[in-house]
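A.B. asks: Before anything else, here's the structure in question.
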Amino acid sequence: MDTPSLHVIDYLIIGASLVLSVGVGVRFAKAQSTTSKYFAAGRNVPVWAIGLSIFATLISSITFLAYPGEGFVGNWVRLVQGLMVPIVVLLGIGFIVPMYRKVIGLSAYEYFERRFGYLARLYASLAFVLAQFAGMGSVFFLLALAVSSMTGIGVVTVVLVLGLVVTVVTLLGGMEAVIWLDVIQGLLLILGGLVTLLVIAVKIDGGLGQVFTIAAAENKVSLGSFDWNLVELTFWVMAINGIFYAVQKYGTDQTMVQRYLTARSDKEAIRASIGGVLMVVPVWVLFMFIGSALYAFYQGQASLPEGLRADAVFPHFILNEMPVGVIGLIIAALLAAAISSLDSDLNCLAAVAVDDYYRKLRPGSTELQRVRMGKIVVTLSGVGSIVVALIYVAAGDAGVLATVFALYAIFSGGIAGMFLLGIFVPRVNKEGLYVGIGVCVLFTAAALLTSTEFSLGGEPRIWLDLGPLNYTQHNYMLGVYSHIVLFGVAWPASYFFPARDVDRNLTYAGWKDRKRRGAPT
């Protein structure tokens, strides 16, 4: 199928959005002289901007393309993970935010060192790094496929250009540029989604009412099977996965914790966190619904090229059904979604590298040296994420959303379990935790080896066949079990070692005591 040419107006809109991104980085470049400015925006960002930044960081091109693809080809079961997030956030954010702002300097993983020792900090930060690189590569890859299909520009070229823009913006402007660019790009993304839905409604006979009729008849808005089945992709698999995802994302993830630190006060950080998550869920629903609407549109009024990937349906619609100018706007929103996620990832990776590693190796380093090291890490991380994306391109991965969920589950490495132990179980000590980490790593390795198939020209077979001991449940549950295994092993194992005094500022019980006494929390 030949790729239609974009109008010059569309190219101008796309180009202007990229120039704007770089311009924001340049605008804040001169102020980035300390780690507080470069990584925490001077702790002086208004609450509404932080909320929009949290929203924009959670919404990437994965949402913009893969969610419509899932809504088109299947149902809304993968939305269930996101629906669990507000429940966890509303229950725990009032304690989590003040705790982090009180006990850490920059890295979320400093908490684990103070609670369990430096090895726990290294383990948690390494899990974060692996998960971020897997996620960034997926974002680059999926975006490059979409933009290439709509513009005719090569996939590799798109990856390289976007990677350069994101790296330059983050390198120059630090977290301050990241947040203010997120504000612009978050609003642009919402606009792009709403315009898309409006165009689809206009083009379908019967409008959105017809979309609902067709989607309901075809079970397209289902949240999956409610059977208690952890082998198939059911509602319960995604719900359980979503609870642990939310605990890890809002309780231990550097991209969230770093934003708590940019606020002027604990109350503003809490309000921003709640606002961000309450914004993101409706947008996840919006893009899932766009997928259902695309299904209705192509069922009744148009045809798709044979063999078109599910996550390529939305780009195909944009290119062939949108008017001139709107195409450019949608592609600009798509690029904005990717940039707003990737710039945050790069800055947070640099923060972890500087605070968890460089400061330990160079305790006498100056603020200027730490900022310089942060910029070096931003550059190297940008290059690394491009390399991961090119590996995806070479492999021709066909299930990006499923891959992202699976990789996040695997690389989570029991971190949510470690966090829950730290705050709720004061008796757990570092020796017990290290036993739990060891068992968790062995469990994860065994589960992967006994469930992953390979083929060397013959019949596919698994790497390690242990018969009835093979891991047979859905791979999304692997991350859940890693948290449970670490939690369940570390707690009793701690009783084999002497009890240690715990800083009550690091526990939920301590927070409750301070709140009861009316002391600052």
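The values are calculated or read from the model by the stated rules, or taken from the named source; none is laboratory data. Since we're looking at a predicted model, the values are computed, not measured. Neighbour counts are summed over all protein chains in view; Cβ atoms, including those assigned to glycine, are modelled from backbone coordinates with ideal geometry. Remember, those area values only see protein heavy atoms, side chains included, never the ligands or the DNA or RNA. Shrake-Rupley method; radii C 1.70, N 1.55, O 1.52, S 1.80 Å.
A.B. asks: At 0.36 nm per residue, and after removing the present C-alpha to C-alpha distance, how many nm does the segment from Arg27 to Leu449 gain when stretched out fully?
C.D. replies: Going from the current span to full extension adds 147.0 nm.
A.B. asks: Pro323: net charge of surrounding residues, Cβ under 13 Å, Lys/Arg +1, Asp/Glu -1, itself excluded?
C.D. replies: -1
A.B. asks: Which entries of Lys30/Lys375; Lys102/Lys512; Lys102/Lys515; Lys220/Lys249; Lys37/Lys267; Lys249/Lys360 have Cα-Cα distances beyond 18 Å here?
C.D. replies: Listed pairs above 18 Å: Lys220/Lys249; Lys37/Lys267; Lys249/Lys360.
A.B. asks: While we're on this one: In whole Å, what is the distance between the alpha-carbon centres of the range 4-57 and the range 329-384?
C.D. replies: That distance is 14 Å.
A.B. asks: Round to the nearest 10 and report in Å² the accessible area of Trp236, as given by a 1.4 Å probe over the protein chains' heavy atoms.
C.D. replies: 90
A.B. asks: Can you give me the angle between helix 155-203 and the longest principal axis of the chain, using Cα atoms only, in degrees from 0 to 90, rounded to the nearest 10?
C.D. replies: It is inclined by approximately 50 degrees.
A.B. asks: Could you run the Debye sum over the Cα atoms of the range 346-392, one equal point scatterer each and no solvent, and tell me log10 of I(q)/I(0) at q = 0.24, 0.27 Å⁻¹, two decimals?
C.D. replies: Debye curve over Cα of the range 346-392, log10 I(q)/I(0) at q = 0.24, 0.27 Å⁻¹: -0.78, -0.90.
A.B. asks: Let me ask something else about it. Using 7 Å Cα-to-Cβ label points, what is the Phe496/Glu306 separation (nm, one decimal)?
C.D. replies: It is 6.2 nm.
A.B. asks: Next up: Report the accessible area of Thr35, computed with a 1.4 Å probe over the heavy atoms of all protein chains in place, in Å² rounded to the nearest 10.
C.D. replies: Counting only protein heavy atoms, the figure is 30 Å².
A.B. asks: Tyr118 label point, 7 Å along Cα→Cβ, cut-off 12 Å on backbone N: hits in the range 328-372?
C.D. replies: In the range 328-372, the label zone of Tyr118 (backbone N under 12 Å from the point 7 Å along Cα→Cβ) covers 356-363.
A.B. asks: Using all C-alpha to C-alpha distances in the range 446-498, build P(r) with 10 Å bins and read off the rounded percent in each one.
C.D. replies: 21, 36, 25, 13, 4, 1
A.B. asks: On to the next question. Run a plain Debye calculation on the range 133-278 (Cα atoms as equal point scatterers, no solvent) and give log10 I(q)/I(0) at q = 0.12, 0.15 Å⁻¹, rounded to two decimals, same order as the q list.
C.D. replies: -0.89, -1.27
A.B. asks: Simple spin-label model, 7 Å along Cα-to-Cβ: Val324 to Ile87 in nm?
C.D. replies: Roughly 5.1 nm, to one decimal.
A.B. asks: Further question: Sort out for me the Cα centre separation of the range 264-292 from the range 208-245, rounded to whole Å.
C.D. replies: With the range 264-292 and the range 208-245 each reduced to a Cα centre, they are spaced 21 Å.
A.B. asks: Mind checking the full-extension length gain between Leu126 and Thr366? Use 0.36 nm per residue of separation minus the Cα-Cα distance, one decimal, nm.
C.D. replies: Extra length available between Leu126 and Thr366 comes to 83.9 nm.
A.B. asks: Here is a follow-up. Provide the net charge surrounding Arg370, with neighbours chosen by a C-beta distance below 11 Å and charges set as Lys +1, Arg +1, Asp -1, Glu -1.
C.D. replies: +2
A.B. asks: Using a Debye calculation, one point per C-alpha and no hydration shell, please list log10 I(q)/I(0) for the range 257-314 at q = 0.15, 0.16, 0.17 Å⁻¹ in order.
C.D. replies: Result of the Debye calculation: -0.61, -0.64, -0.66.
A.B. asks: What is the calculated FRET efficiency for Arg516 to Leu208, with r their C-beta to C-beta distance and R₀ = 45 Å, to the nearest 0.05?
C.D. replies: The value I calculate is 0.35.
A.B. asks: Counting only helical runs of four or more DSSP H residues, what would the 222 nm mean residue ellipticity of the chain come to if each run contributes -39,500 (n - 2.57) and the total is spread over all its residues?
C.D. replies: -24000 deg cm²/dmol
A.B. asks: Additional query: Leu164 to Ala509: FRET efficiency via 1/(1 + (r/R0)^6), r the Cβ-Cβ distance, R0 51 Å, to the nearest 0.05?
C.D. replies: 0.55
A.B. asks: May I have the pair-distance distribution P(r) for the range 58-195, computed from all Cα-Cα distances with 5 Å bins from 0 and rounded to whole percent?
C.D. replies: Values per bin, smallest distances first: 2, 8, 10, 14, 21, 18, 13, 8, 5, 1, 0.
A.B. asks: What's the extension gain from Leu464 to Arg43 if we count 0.36 nm per residue and subtract their Cα-Cα distance?
C.D. replies: The Leu464-Arg43 span can extend by a further 146.5 nm.
A.B. asks: What do you get for the angle between helix 235-252 and the principal long axis of the chain? Use alpha-carbon atoms, 0 to 90 degrees, nearest ten.
C.D. replies: 60
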